[in-house]
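The values are calculated or read from the model by the stated rules, or taken from the named source; none is laboratory data. Keep in mind that this is a model prediction, so the values were computed, not measured. FYI the Cβ positions are ideal-geometry reconstructions off the backbone, even for glycines, and counts take in every protein chain you see. What goes into the accessible areas is simple: the full protein's heavy atoms, side chains included, and nothing from ligands, DNA or RNA. Shrake-Rupley method; radii C 1.70, N 1.55, O 1.52, S 1.80 Å.
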Amino acid sequence: LSKASPDHAKEFTTAATQVQDRANALDRDISISISSIPVAQRTLVTAHDAFGYFGRRYGLEVLGVQGISTESEPSLAAIESLVALLSEKRIPTIFAESTVSDRTVRAVIEGCAAREHEVKLGESLYSDALGPAASSAATWEGMLRHNTRAIANGLGGRG
């Protein structure tokens, strides 16, 4: 942009620095919140595997009921495998995304209940879209803060 509009180079540089500073502060805040989750509960289970990047960055194991695709239906074996894992690890919360039906997530919750392990449905996470215009998740920063708070609180940490 500075090459295309040299008269505004200083403004572009200032704006870029401000965005980078906000991104760095957000990264630190997310790290602090996620690190408050007990290590044994750092497993994020969502309707589909849209949070792999987030998990790699902040030390969460990420599992999707439907895998990567939001179009595919999980097999009974895949659901049973997740039920066994959540029950064994005593994971307290599973999440659905705002753009995906929570039907398969509810099947996992029911399966855990049958094994006498209560799993709650956490707050809806934003993965393929920002939150509604009037919400605190309407910006990239707000969306990440919302997801972090929901995940940390749901898994036993402090969001």
task = With a 10 Å radius around each residue's Cβ, average the other Cβ atoms per peptide and rank 147-153, 125-131, highest first.
result = 147-153, 125-131
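Give the shape of region 1-59 as rounded, prolate or oblate, defined through the alpha-carbon gyration tensor: a ≥ b ≥ c are the square roots of its eigenvalues, a/c under 1.5 means rounded, and otherwise the shape is prolate if a/b is larger than b/c and oblate if not. Kindly include the intermediate steps, with their values, before the conclusion.
Values: a/c = 5.96, a/b = 2.55, b/c = 2.33.
Here region 1-59 falls in the prolate category.
Treating only the Cβ of Lys, Arg, Asp and Glu as charged (+1, +1, -1, -1), what charge dipole size does the chain show about its Cα centre? Round to the nearest 20 debye.
Working: 16 positive and 19 negative charges, 99 e Å.
Taking the Cα centre of the chain as origin, the dipole is about 480 debye.
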key: Positive-end residue, region 51-159 charge dipole about Cα centroid, Cβ charges, pick of 76, 52, 113   = 52
The chain pair-distance distribution - Cα-Cα, 5 Å bins, rounded % = 2, 9, 16, 19, 18, 12, 8, 5, 4, 3, 2, 1, 0, 0
Protection-proxy order for peptides 18-27, 109-118, each taking the mean of Cβ atoms within 10 Å per residue, highest first = 109-118, 18-27
note = Residues whose built amide H sits under 5 Å from the amide H of residue 93, excluding neighbours closer than 5 in sequence, are 120
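Is the C-alpha gyration tensor of region 91-159 telling us rounded, prolate or oblate? Criteria: a/c under 1.5 is rounded; beyond that, a/b larger than b/c is prolate, otherwise oblate. Before the final figure, lay out each step's value.
Values: a/c = 3.96, a/b = 1.74, b/c = 2.27.
Cα axes put region 91-159 in the oblate bin.
Starting from the Cα-Cα distance between residue 17 and residue 36, subtract it from 0.36 nm times their residue separation and give me the gain in nm to one decimal.
On the way: separation 19, 0.36 × 19 = 6.84 nm, distance 2.90 nm.
Length gained between residue 17 and residue 36: 3.9 nm.
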Inter-part distance where region 1-55 and region 90-116 are each reduced to a Cα centre, Å = 28
ask   = Under a Cβ-Cβ cut-off of 14 Å, what is the net charge of the residues other than residue 34 that fall near it, where Lys and Arg count +1 and Asp and Glu count -1?
value = +4
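When the accessible area of region 1-158 is split by element with a 1.4 Å probe, what percent falls to carbon and sulfur?
Solvent-exposed carbon and sulfur of region 1-158 make up 54 percent of the total.
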task = Provide the per residue accessible area, probe 1.4 Å, for the chain, rounded to a whole number of square angstrom.
result = 55
message = Could you work out the relative contact order of the chain? I mean the mean sequence separation of Cα pairs under 8 Å and 6+ apart, divided by the number of residues, in percent.
response = 24
Helix 140-154 vs. the chain, principal-axis angle (Cα, 0 to 90°, nearest 10) = 30
